[in-house]
Amino acid sequence: MGQRHPRVLWALWHFPLFWSGVWTPPTIPNMIMFTVMITTLTIIMTWVFNHAKGSLLLMMLMHASFNTFANKMAAPLFPAPMFDDFGLLPVLIGFTAAALVLIVVTRGRLGYVTSRRTAAS
C-alpha cells in the first residue's frame with residue numbers, strides 16, 4: 001500500500017483529458033472525484049497485477065476495458081443529466097466499494113506474496 005505518489009501522478013497525467021471535450025467538465029469536484037477514483041482503481045489494479053504474476057499485458061487490457069466501457073457503453077446507454085455534472089460519481093462509488101472489499105478481504109496485502117527466502121530472514 002506504499003504507492004500513494006504513483007496514484008496521484010497517474011491522476012495528474014490524465015488531467016489534460018478534462019479539457020479535451022471527451023470527459024466531464026473540468027470542475028474542481030470532478031477533478032477531486034477523478035483523483036480519488038484513480039487512487040481506488042490503483043488498489044484494484046494492484047490486486048489484479050499481483051494475481052496475474054506481474055503481467056503488464058493484463059494491466060493494459062484492464063485499462064483499455066475501463067476506457068472502452070466508459071466511453072462506448074456507459075455514456076451512450078445512460079445519458080442522464082447527473083453524468084454531465086457529476087459523471088465520475090457512480091464510478092467513484094463502485095471503485096471505492098470494490099477497493100474497500102479487496103483491502104478487507106486481503107487484509108491490506110492485495111495478493112502480494114513475499115518469497116520464502118525473504119520471509120525466513
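The values are calculated or read from the model by the stated rules, or taken from the named source; none is laboratory data. This one's a predicted model, so the numbers in the text were calculated from it and none came from an experiment. Counting neighbours? That spans all protein chains shown, and the Cβs are built from the backbone with ideal geometry, glycine included. Keep in mind that these areas ignore ligands, DNA and RNA; they rest on the heavy atoms of the full protein, side chains included. Shrake-Rupley method; radii C 1.70, N 1.55, O 1.52, S 1.80 Å.
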Those residues of the range 48-60 which are surrounded by 13 or more Cβ atoms within 10 Å (Cβ to Cβ) and either in contact with a Ser or Thr (Cβ under 7 Å, 6 or more places away or on another chain) or without any contact (Cβ under 8 Å) to a residue 40 or more places away in the chain (or both) amount to Val48, Phe49, Ala52, Ser55, Leu58, Met59
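To keep it simple, each residue is scored yes or no on (1) open to solvent by 60 Å² or more (accessible area, probe 1.4 Å); (2) at positive phi; (3) at pLDDT below 80; (4) not aromatic (Phe, Trp, Tyr).
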| residue | (1), (2), (3), (4) |
| --- | --- |
| Val22 | yes, no, yes, yes |
| Phe34 | no, no, no, no |
| Thr40 | no, no, no, yes |
| Ile44 | no, no, no, yes |
| Lys72 | yes, no, yes, yes |
| Pro76 | yes, no, yes, yes |
| Met82 | yes, no, yes, yes |
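Criterion first (open to solvent by 40 Å² or more (accessible area, probe 1.4 Å), modelled with pLDDT of 85 or more and among the hydroxyl-bearing types (Ser, Thr, Tyr)) does Ser65 satisfy it? Break it down into steps so the answer makes sense when it comes.
Values: open to solvent by 40 Å² or more (accessible area, probe 1.4 Å): yes; modelled with pLDDT of 85 or more: yes; among the hydroxyl-bearing types (Ser, Thr, Tyr): yes.
Criteria met by Ser65.
Out of the range 84-108, which residues are more than 16 Å from the chain's Cα centre (by Cα) and at pLDDT 75 or above?
Step one: list which residues in the range 84-108 are more than 16 Å from the chain's Cα centre (by Cα), which gives 84-86, 104-108.
Selection gives Val104, Val105, Thr106, Arg107, Gly108.
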